[in-house]
Amino acid sequence: MLQTRPRVALFVTCLVDLYRPTVGFAAIKLLEAAGCQVEVPEAQTCCGQPAYNSGDRTTARDLARNVIDTFLPYDYTVVPSGSCGGQISHHYPGLFDDSDPHYRGRAEALAAKTHELVSFLTDVMGMQEVAARYDGVVAYHDSCSGLRELGIREQPRKLLGSVQGLTLKELVDRDVCCGFGGTFCVKYPDISVRMVSDKAKDVVETGADTLLAGDMGCLLNMAGRLKREGAPVKVRHVAEVLADMTQDAAPIGEPK
Amino acid sequence: MVHLTSPAFKENAARALADPGLQKALARTKPQFHGKRAKAVAGLPEFEQLRNIGRDIKNHTLANLDHYLEVYAANVEKAGGVVHWCSTADEARAVVLEICRQAGAKTVTKGKSMISEELGINDHLEAHGITPVETDLGEYILQLRKEPPSHIIGPAFHLNREDWEQSFRESHTDLDPKRVFTERRDILTEARTKLRSRFLAADVGITGANFLIAETGSSVIVTNEGNGDLTQTLPKVHIALASIEKVVPTLEDATSLLRLLARSATGQDFSVYTTFSTGIRRQGDLDGPEQYHVVLIDNGRSNMIGTDFQEMLRCIRCAACMNHCPVYGATGGHAYGWVYPGPMGSVLTPTLVGVDKAGHLPNASTFCGRCESVCPVKIPLPKLMRHWREREFERHLTPGTIRTNLRLWAWFAKRPAAYRAVTRMGIGALGLLGRGKGAFKWLPFAEGWTRGRDLPAPEPGGTFMARYAKARRQGR
Ligand code: SF4
């Protein structure tokens, strides 16, 4: 573990902010347990992915500047999402070309110290286990950006392995997308629904009673489909379980 | 010629999703391709390193493309071959027709070639009284059925055994009604019987090329059926069709890429037949053509050099990207509406037919990145698709509603205080609507979402930022 308490800025992400505040509080709890001093900068909104992936580089760049200015002063920026984390750590530098070396440098500096939550806990803070209990059989979905852009695969499984009462089941085709894809899910709903139906089938086949993942987009998508099919699977962000905060909110898509 | 239906991608996709026969055929993707590739890759510890080598060979060649093409052409001519430089599809079609006419050709045999589909060679020859005969098993059945390929290495991947049987019974009128077609071998035997005489009667053989080797002037094709060999060695005249980015500097480079190609495509260590053609039959050679023509086609490639899309020219057409693409897996290849389907098509098709017509393709991706992770030459396909979205946005081809929504959202996202106020209100309203429900079955403006899934309601109690601020005020 690091000797001093690093100053960590939490980038909440717009979906956690709007849809699932408990994930934000769970992230704070986990980061503090790992020895971080956590702050939540007031001036944050969205990492800019909707614009970036719609081809609107200008807006993406404007939003990136906001984020860079706000988060650069901290030791680390931590994001409870592989996709928003990847946006900052892998895509921001490419938004600024040689005509803007100042921001390019700043973007690179921020990219180098931005991490997805779970991998930050294990890889940077050296967290080995969590103090949590969850009585259930859990399937974990690897979100695509986390898996392929950030190489997050074993980290959540390792921490989940330390949760008392929890049994982990693996999905078949665990590297296959759930069909969310940001605006894709509403631009091409037929294909998206087909993909998430396949995923829901795989989830049900594991026999798990709970589905976890590290990205709200995928979670809303999979929860929505499982609900529509009437499948009795509880869906949650992995941080809620790791932080032992499942009492704080009903599963995603369930009434309180 | 493949009729362009990319503008109707959405409708094509909907039809494909509702087609049980197609879905049955597509379900073979996993057993046929995934496991085999994974096993082949696992069996070669240096595969990752080989991918870097493959990428570097291609990058080096593309950076010196003129040079290697000239060296290649000189060596072809040294071996008695002729190189025809064609900058457009029209020119290439005319050259092929002229060679066939000079040879007095009535029928030509053909090996599987995607560039031939791109050029529409078959229609052109037929229109001028020359009969093209596809000799690849998949292409053969598609020719009977008058269908375009749906996959770049398994052209008839969309068909099931029943479809083959039906087509044979319809087209091969002399077929014994008692013949059974239960095995792949039965199908193969039937096609081979018909093709044998065609091979012998052909005046010209047309093939594609997987690689062109500059230092030797050779063209290389790989097949698993051996039909390519017969196509290029039996007739008097051999025409190899190849786009300019197929060239590689040396024989060794080609070998490195061949090792990547077979493993990525079918999970084989090497294809069953790998054939090198160098020039014409020399004295003492047992076989080989009297004339060897290479039609070198640009057709839009050189415009890609020096642009964001140059990396696409590394493609060695292995099909791993489509085999691992969940969108391709759901819709099949025909939905993409042109010659090249899947992720590689989503990048290539807009460059070749225009993004105004093929704009759906780079948009119909979740950017899951599985394609890039299996591409043997490490083409960043999602990034290139994003570049197309950027071109669309710049040219105002992005649909108006998306632009408006984006602009509205961006205005707030750039102003945290205003954003906070409006999201607090919006989430409050959504929370009220969804109170006690947990999820919405239907919501206005969210029809795309709610048609096939519920929309989970936001967690009650307001946004994170509001709750966090409140907790801070109360000293936590
Ligand atoms: S883009 Fe890559 S994976 Fe796809 S066909 Fe080309 S070489 Fe193969």
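The values are calculated or read from the model by the stated rules, or taken from the named source; none is laboratory data. Here the structure is a predicted model, which means the values were calculated and not measured. All Cβ positions, glycine included, derive from the backbone under ideal geometry; neighbour counts span all protein chains shown.
The table that follows gives values for the structure above.
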{"quantity": "Residue within the range A:21-31 that is over 24 Å from residue A:253 (Cβ atoms) and surrounded by fewer than 19 Cβ atoms within 10 Å (Cβ to Cβ) present", "calculated": "no"}
{"quantity": "Residue identified as touching a Cys at 6+ places or on another chain (Cβ under 7 Å) and either more than 16 Å from the ligand (Cβ to nearest atom) or in contact (Cβ under 8 Å) with a residue 60 or more places away in the chain (or both) among B:256, B:243, B:264, B:218", "calculated": "B:264"}
{"quantity": "Residue among B:267, B:279 that alone is under 25 Å from residue B:85 (Cα atoms) and part of a loop (DSSP other than H, G, I, E, B)", "calculated": "B:279"}
{"quantity": "Of all residues making up the range B:298-332, the number that are assigned to a loop (DSSP other than H, G, I, E, B) and more than 14 Å from chain A (Cβ to nearest Cβ)", "calculated": "13"}
{"quantity": "Members of the range B:333-344 found to be near the ligand (Cβ under 10 Å from one of its atoms), in a helix (DSSP H, G or I) and under 11 Å from residue B:150 (Cα atoms), listed by number", "calculated": "B:342"}
{"quantity": "Residues (polar (S, T, N, Q) and modelled with pLDDT under 85) located in the range B:168-191", "calculated": "B:173, B:182"}
{"quantity": "One residue from A:116, A:108 being surrounded by 23 or more Cβ atoms within 10 Å (Cβ to Cβ), away from chain B (no Cβ under 14 Å) and acidic (Asp, Glu)", "calculated": "A:116"}
{"quantity": "Top-ranked residue of the range B:281-323 - restricted to ones that are surrounded by 15 or more Cβ atoms within 10 Å (Cβ to Cβ) and of a type in the set (Lys, Arg), ranked as farthest from residue B:64 (Cα to Cα)", "calculated": "B:281"}
{"quantity": "Residue count for the range B:21-56, restricted to those that are among the hydroxyl-bearing types (Ser, Thr, Tyr) and out of contact with any helix residue (DSSP H, G or I) (no Cβ under 9 Å at 6 or more places or on another chain)", "calculated": "0"}
{"quantity": "Selection within the range B:1-46 - of a type outside the set (Val, Ile, Thr), more than 14 Å from chain A (Cβ to nearest Cβ) and either closer than 19 Å to residue B:162 by Cβ or not in a helix (DSSP H, G or I) (or both)", "calculated": "B:1, B:3, B:4, B:21, B:24, B:25, B:28, B:32, B:43, B:44, B:45, B:46"}
{"quantity": "Answer from A:253, A:181, A:230, A:224 - the residue that is more than 14 Å from the chain's Cα centre (by Cα), within 7 Å of chain B (Cβ to nearest Cβ) and part of a loop (DSSP other than H, G, I, E, B)", "calculated": "A:253"}
{"quantity": "Breaking point among (1) more than 28 Å from residue B:159 (Cα to Cα); (2) outside the structural domain of residue B:206 (by TED's automatic domain parsing); (3) among the hydrophobic types (A, V, I, L, M, F, W, C), for residue B:280", "calculated": "(2)"}
